[in-house]
1. Of the conditions (1) in contact (Cβ under 8 Å) with a residue 24 or more places away in the chain; (2) under 25 Å from residue 142 (Cα atoms); (3) within 13 Å of the chain's Cα centre (by Cα), residue 67 fails just one. Which one is it?
2. Of all residues in segment 102-134 being touching a residue at least 60 places away in the same chain (Cβ under 8 Å) and out of contact with any helix residue (DSSP H, G or I) (no Cβ under 7 Å at 6 or more places or on another chain), which is farthest from residue 80 (Cα to Cα)?
3. Have a look at 116, 55, 101, 49 and point out the one that is more than 14 Å from the chain's Cα centre (by Cα) and surrounded by 15 or more Cβ atoms within 10 Å (Cβ to Cβ).
């Protein structure tokens, strides 16, 4: 997707994406080996009532859905970061996740000619319609080859 094609208020959606116990365990063992992410038996007898995915794993799954829906063939080349991240409900084995991205603002960089900036919010829900993740992200786009940047 070209930078010129983005409009404030525009909504993108992707999903469902099924979450498996195997991937929760694999991610957590490598990157977030806290017991409630890696020990199904102990997690079953805990406050959580079962194994839950790492929030960072949830962010990674959201990123994959954003790439599949929007960023994969775009001019996006980087992100300077997130302004807000909130994990509202645990993600569990067997959940189906749905991603939504909403364009909040679009502009060209004042300090770096040829760079377009998109500010957007992401929301990931589960099959029950519960919000499991909210975040605000910024993406940078290479618009140096475009004659009309249409911002």
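1. Going through the list (1) in contact (Cβ under 8 Å) with a residue 24 or more places away in the chain; (2) under 25 Å from residue 142 (Cα atoms); (3) within 13 Å of the chain's Cα centre (by Cα), residue 67 breaks only (1).
2. Restricting attention to segment 102-134, the residues satisfying the condition of being touching a residue at least 60 places away in the same chain (Cβ under 8 Å) are 102-106, 116, 118, 122, 124, 127, 132-133.
Narrowing the set further to residues that are out of contact with any helix residue (DSSP H, G or I) (no Cβ under 7 Å at 6 or more places or on another chain) leaves 102-106, 118, 127.
Values: 102: 18, 103: 16, 104: 16, 105: 15, 106: 15, 118: 11, 127: 31 Å.
Step by step, filter segment 102-134, then rank; the result is 127.
3. Details: 55 fails: more than 14 Å from the chain's Cα centre (by Cα); 101 fails: more than 14 Å from the chain's Cα centre (by Cα); 49 fails: surrounded by 15 or more Cβ atoms within 10 Å (Cβ to Cβ).
Being more than 14 Å from the chain's Cα centre (by Cα) and surrounded by 15 or more Cβ atoms within 10 Å (Cβ to Cβ) holds for just one of 116, 55, 101, 49, which is 116.
Matching residues to (1) touching a strand residue (DSSP E or B) at 6+ places or on another chain (Cβ under 9 Å); (2) outside any strand (DSSP E or B); (3) over 17 Å from residue 67 (Cβ atoms):
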{"position": "99", "(1), (2), (3)": "yes, no, no"}
{"position": "110", "(1), (2), (3)": "no, yes, yes"}
{"position": "113", "(1), (2), (3)": "no, yes, yes"}
{"position": "132", "(1), (2), (3)": "yes, no, yes"}
{"position": "136", "(1), (2), (3)": "yes, no, yes"}
{"position": "141", "(1), (2), (3)": "yes, no, no"}
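Read-outs throughout are calculated quantities, based only on the coordinates presented, and are distinct from any laboratory measurement. Because the structure is a prediction, the values reported are computed rather than measured. Cβ sites come from the backbone with ideal geometry, for glycine too, and all protein chains shown count toward neighbours.
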